[in-house]
Amino acid sequence: MPKQIVRDLDVKGKKVLVRVDFNVPQAKDGEIADDRRIRSALPTLNDVLDRGGSLILISHLGRPKGGDPEADAPFKLDKVAARLGELLGRPVVKADDTVGPSARKLASELQPGGVLVLENVRFNKGEKKGDPEFAKALASLGDAYVNDAFGTCHRDEASMVAVPEQFPADRRAIGFLVEKELNILDTLLKNPKHPYVAVMGGAKVSDKILVIESLLKQVDKLLIGGAMTYTFLKAQGVEIGKSRVELDKLDVARKLLDEAGDKIVLPVDHLIADKPEAGAQTRTTESTAIPEGWFGMDIGPRTIEQYAKIVREAGTVVWNGPMGMFEVEAFAAGTKAVAQALADGQGVTAVGGGESAEAVEKFGHADKVSHVSTGGGAFLESLEGKQFNSIKVIPDR
Ligand code: ADP
Ligand code: MG
């Protein structure tokens, strides 16, 4: 059933609390490295403002401990609030706390069309704990609640579950971003066009076992790349040199290979390097084996060709995890080629995962795939078939 959505709410003259996910990647100097998550919330925010409401925005940023102002300082939301002001083209005020005197004063002064950003919600210990008292204090600032924080939907934190519970059913809704994310996931889970192809890569098998298991039930092919390749190859008794491997996951890898039959496709060649960093000496292997002393860093040219063809011809593609250490230019060809193949394909193409999204963006294909998810963990857990409390708490339409 579709959920109640922001446009269903009466917002005129109301203060609308919107839980957004402004957890942007930060550069070392604290600047915003990528503002995609802020831009993704704009449709919801503009809808409320255009209809005469005002906004009180709740977000976290990073993983502050909470309680130590000095340690928490790099995670303050001032830069995020400033960027939001530029993107909205209107003044944005920022509170120095989340539910304290500053937040309460600014919230009470808020006029229609006004925008208030509360301080990082994770500065409060009650957030992680889902504390009802903290949730009450937060909820008391506004008249209605909207969840547009897809990247946080898999977490039962106060601002995701206990806060909406404070509002009557007709004052809770999801935003347009969450709606869009849920729609694409619905297509992937219930109505994928075949051939349905999953491309899985990234750092570790252990992060992705559950999602691989559930995808195997649905997809026609599951292409493996990235560092998890070597755990699968090792499980088959193939030599992997000094490549990254999870020795405690060999049994799991073997079991997945046994169960999957020929659904799982592994690289037939690799780009290898004498050290896992920029400036390394590199070459391509003849076969699946990696010589002693060498590191597997990317899928090889024959694998690239094979994977790109399968991806281009798919009816539906879901991609999570880069094919190699794409952050280093010399190891980026596999990830680039898969991103290109997704962009070239005619089917539904969805990308999820922090680094995967970054790669699609970096190689300039973000606008050519059907959907780049703003969620890493939330996207993967949804693909595993999990239902989130943060969504259950929003009534159906
Ligand atoms: P995502 O965030 O998209 O879910 P992961 O976090 O699982 O992806 O993995 C991303 C990381 O995996 C990248 O930073 C990349 O450098 C690393 N990686 C991929 N292939 C290799 C490899 N062959 N050796 C070492 N690291 C790799
Ligand atoms: Mg990651």
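Taking the stretch 305-323 on its own, how many of its residues are in a loop (DSSP other than H, G, I, E, B) and within 14 Å of ligand 1 (Cβ to nearest atom)? Explain how you work it out, then say what you get.
Start the filter on the stretch 305-323 by keeping residues that are in a loop (DSSP other than H, G, I, E, B), which leaves 313-315, 321-323.
Then drop every residue that is not within 14 Å of ligand 1 (Cβ to nearest atom), which leaves 321-323.
Number of matching residues: 3.
Could you check the stretch 330-378 and list, in sequence order, the residues that are closer than 14 Å to residue 198 by Cα, touching a residue at least 40 places away in the same chain (Cβ under 8 Å) and within 17 Å of the chain's Cα centre (by Cα)?
Residues satisfying the conditions are 350, 353, 356.
Could you list all residues from the stretch 356-380 that are surrounded by fewer than 18 Cβ atoms within 10 Å (Cβ to Cβ) and within 16 Å of ligand 2 (Cβ to nearest atom)?
361, 362, 377
Being at pLDDT 95 or above, outside the structural domain of residue 297 (by TED's automatic domain parsing) and among the hydrophobic types (A, V, I, L, M, F, W, C): is that true of residue 219 here?
Considered against the rule, which asks whether it is at pLDDT 95 or above, outside the structural domain of residue 297 (by TED's automatic domain parsing) and among the hydrophobic types (A, V, I, L, M, F, W, C), residue 219 comes out as no.
Could you tell me which of the residues 90, 63, 36 is surrounded by fewer than 21 Cβ atoms within 10 Å (Cβ to Cβ), of a type in the set (D, E, K, R) and touching a residue at least 60 places away in the same chain (Cβ under 8 Å)?
Working: 90 fails: touching a residue at least 60 places away in the same chain (Cβ under 8 Å); 63 fails: touching a residue at least 60 places away in the same chain (Cβ under 8 Å).
Result: 36 is the single residue among 90, 63, 36 that is surrounded by fewer than 21 Cβ atoms within 10 Å (Cβ to Cβ), of a type in the set (D, E, K, R) and touching a residue at least 60 places away in the same chain (Cβ under 8 Å).
Look through 241, 315, 237 and report the one residue that is in contact (Cβ under 8 Å) with a residue 12 or more places away in the chain, more than 27 Å from residue 187 (Cα to Cα) and of a type in the set (Gly, Ala, Ser).
241
In the stretch 312-330, which residue that is more than 20 Å from residue 230 (Cβ to Cβ) and surrounded by fewer than 23 Cβ atoms within 10 Å (Cβ to Cβ) is nearest to ligand 2 (Cβ to nearest atom)?
Checked the stretch 312-330; the qualifying residue nearest to ligand 2 (Cβ to nearest atom) is 329.
Is it true that some residue in the stretch 54-67 is more than 23 Å from residue 361 (Cβ to Cβ), touching a helix residue (DSSP H, G or I) at 6+ places or on another chain (Cβ under 7 Å), part of a helix (DSSP H, G or I) and among the aliphatic types (A, V, I, L, M)?
Within the stretch 54-67, none of the residues are more than 23 Å from residue 361 (Cβ to Cβ), touching a helix residue (DSSP H, G or I) at 6+ places or on another chain (Cβ under 7 Å), part of a helix (DSSP H, G or I) and among the aliphatic types (A, V, I, L, M).
Would the stretch 337-348 turn up any residue that is within 16 Å of ligand 2 (Cβ to nearest atom), surrounded by fewer than 18 Cβ atoms within 10 Å (Cβ to Cβ) and of a type outside the set (A, V, I, L, M)?
no
Condition first: in contact (Cβ under 8 Å) with a residue 40 or more places away in the chain and at positive phi. Now tell me which residues in the stretch 103-159 satisfy that.
If the condition is that a residue be in contact (Cβ under 8 Å) with a residue 40 or more places away in the chain and at positive phi, then 113 is the only one that fits.
The values are calculated or read from the model by the stated rules, or taken from the named source; none is laboratory data. Everything quoted here is computed from the prediction, not taken from an experiment. All Cβ positions, glycine included, derive from the backbone under ideal geometry; neighbour counts span all protein chains shown.
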